[in-house]
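Step one of this worksheet: look at the structure below.
The values are calculated or read from the model by the stated rules, or taken from the named source; none is laboratory data. Every value quoted in this text rests on a predicted model; they were computed, and no experiment measured them. FYI the Cβ positions are ideal-geometry reconstructions off the backbone, even for glycines, and counts take in every protein chain you see. What goes into the accessible areas is simple: the full protein's heavy atoms, side chains included, and nothing from ligands, DNA or RNA. Shrake-Rupley method; radii C 1.70, N 1.55, O 1.52, S 1.80 Å.
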Amino acid sequence: MENNFNPAMLRLAREQAGKSQVALRDEFHVSQARWSKIETGAIQPDSALLNQISSRFCYPKSFFYQNAMPFVSGMIFHRKRSSLGAVIRSQIEAEVRLRFFDVIKLYQHDGRKSDMLLREGRTPEKMAQAIRKYWGLGTSPIDNLVDVLEAHNIIVLMFDFNSDKLDGFVVPADNEIACIAINANKAFSPDRQRMSLSHELGHLLLHCNDFPDEKTEDEANRFAAEFLAPASVIENELMPPLSLARLRDLKIRWKVSMASLVFRAHSLKTIDDKKYKNAMIYLSANGFRKSEPFCGIGYERPSLLTELMKQFVSQMQNPLEVLNLSWERFHERYPEISLEGQSEMTPTIS
């Protein structure tokens with residue numbers, strides 16, 4: 001246990017709650033200047049204020065003494081809408097980062113690492129082909145993408161972001177633990193979630209040392225297209241005529257949207273500009289750009305983190321102390337896991 005207060009943890013707890021320093025000033029009767037100094041590490045909170053902070057944010061005091069740093073927001077590759085507000089974005093990022101701390105502890109406890117490949121100068125398409133070969137996927141449609149990622153120890157943090165402005169993002173970390181956060185909001189269809197997962201996997205494999213820009217987004221899209229539907233197979237299947245019935249059959253087979261299939265056909269030049277434009281107009285006129293016909297594609301749900309946490313809880317005498325979580329926070333994240341026999345007392349600093 002670290003003996004020094006970590007101001008980064010206070011900032012994460014505040015952002016997770018969606019609170020500004022000004023709001024906390026009024027709530028705790030502490031000046032904004034003092035809050036700012038605490039969050040920058042210039043001063044430490046006294047015991048009375050720390051007790052208030054612990055109670056307000058529902059974390060044990062030991063939580064604020066962890067030697068853990070938040071990721072830099074500027075390094076995050078968001079798959080989002082431009083209308084996403086900064087406060088909501090920070091709140092979602094903080095929630096994901098705090099859950100990722102659990103992942104780090106579980107992976108370290110289990111001696112587990114993600115199974116990845118280095119880019120080594122590959123194009124996005126070549127990278128998609130390489131990871132398919134490395135993971136033994138061949139060129140067939142991927143039945144369950146979440147299962148594939150978890151089989152290679154890539155954590156998928158999937159929960160409702162309480163916003164439809166953000167699909168998902170990669171958690172910036174080291175090369176040993178790969179993590180993708182995906183929005184489970186029902187506004188997103190199963191095929192869109194699969195596209196987001198593939199897009200973010202592209203960022204993991206291609207852009208570990210890059211900053212987000214138009215080039216990295218384009219590369220992630222190109223990777224996702226090739227990863228989900230390899231050109232060597234899908235090109236022949238996208239030859240005209242691409243009727244609505246044909247697009248529906250292909251969507252069922254490859255589990256990607258009809259709009260994505262039309263875009264893929266155009267990028268592979270199986271249809272020309274005019275046919276592409278007409279197809280997209282047709283989809284829009286029928287409302288399929290917002291909501292495509294149901295084709296029996298189900299949502300994919302992760303299970304690796306839950307299974308690892310179940311094992312951890314069964315093996316540790318005081319799991320909440322190791323995790324630096326309160327009883328309430330644990331059940332908020334893992335409602336399906338019982339802590340029967342565990343003390344409800346939250347850990348404190350010895």
Taking Lys and Arg as +1 and Asp and Glu as -1, residues besides E39 with C-beta under 11 Å from its C-beta add up to +3
Once you put a point 7 Å from the Cα of S232 and another 7 Å from the Cα of K113, both along the Cβ direction, what distance in nm separates them?
2.8 nm
What's the magnitude of the charge dipole for the chain around its Cα centre, counting Lys and Arg as +1 and Asp and Glu as -1 at the beta-carbon? Answer in Debye, nearest 20.
980 debye
Pairs beyond 22 Å (Cα-Cα), from K19/K215; K133/K255; K37/K61; K255/K290; K186/K255
K19/K215
Give the aspartates and glutamates reachable from K251 as a straight Cα distance under 13 Å; neighbours fewer than 8 places away on the same chain don't count.
D143, D191, E237, E292
From largest accessible area down, sort Y276, Y107, Y65; use a 1.4 Å probe on the protein chains.
Y276, Y65, Y107
Once you list every other residue whose beta carbon is under 11 Å from the beta carbon of H266, what net charge do they have if Lys and Arg are +1 and Asp and Glu are -1?
+3
Straight-line reach check, K113, cutoff 15 Å on alpha carbons, 8 or more apart in-chain or any other chain, hits among aspartates and glutamates -> D102, E150, D174, E176
What residue among L205, L12, L244 shows peak mean-square fluctuation when the chain is described by a Gaussian network model with Cα springs under 10 Å?
L244
Beta bridge orientation in the chain: antiparallel %, DSSP, nearest 5:
50 percent
Could you grab the relative contact order for the chain? Cα pairs under 8 Å, six or more apart, rounded to a whole percent.
19 percent
For the stretch 200-341 the mean separation of alpha carbon contacts under 8 Å (6+ apart) over residue count, i.e. relative contact order in percent, is 15 percent
Grab the other residues whose beta carbon is less than 12 angstrom from that of C295, score K and R as +1, D and E as -1, and report the net.
+1
Expected sort for 154-161, 186-193, 206-213 on mean C-beta neighbours within 10 Å, highest first, is 154-161, 186-193, 206-213
Cα centroid of the stretch 1-52 to Cα centroid of the stretch 104-172, whole Å:
35 Å
Which of S114, S196, S267 ends up with the largest GNM mean-square fluctuation for the chain, with Cα atoms connected below 10 Å?
S267
Do the sum for the chain: with -39,500 (n - 2.57) for every DSSP H run of n ≥ 4, divided by all residues, what is the mean residue ellipticity at 222 nm, to the nearest 500 deg cm²/dmol?
-15500 deg cm²/dmol
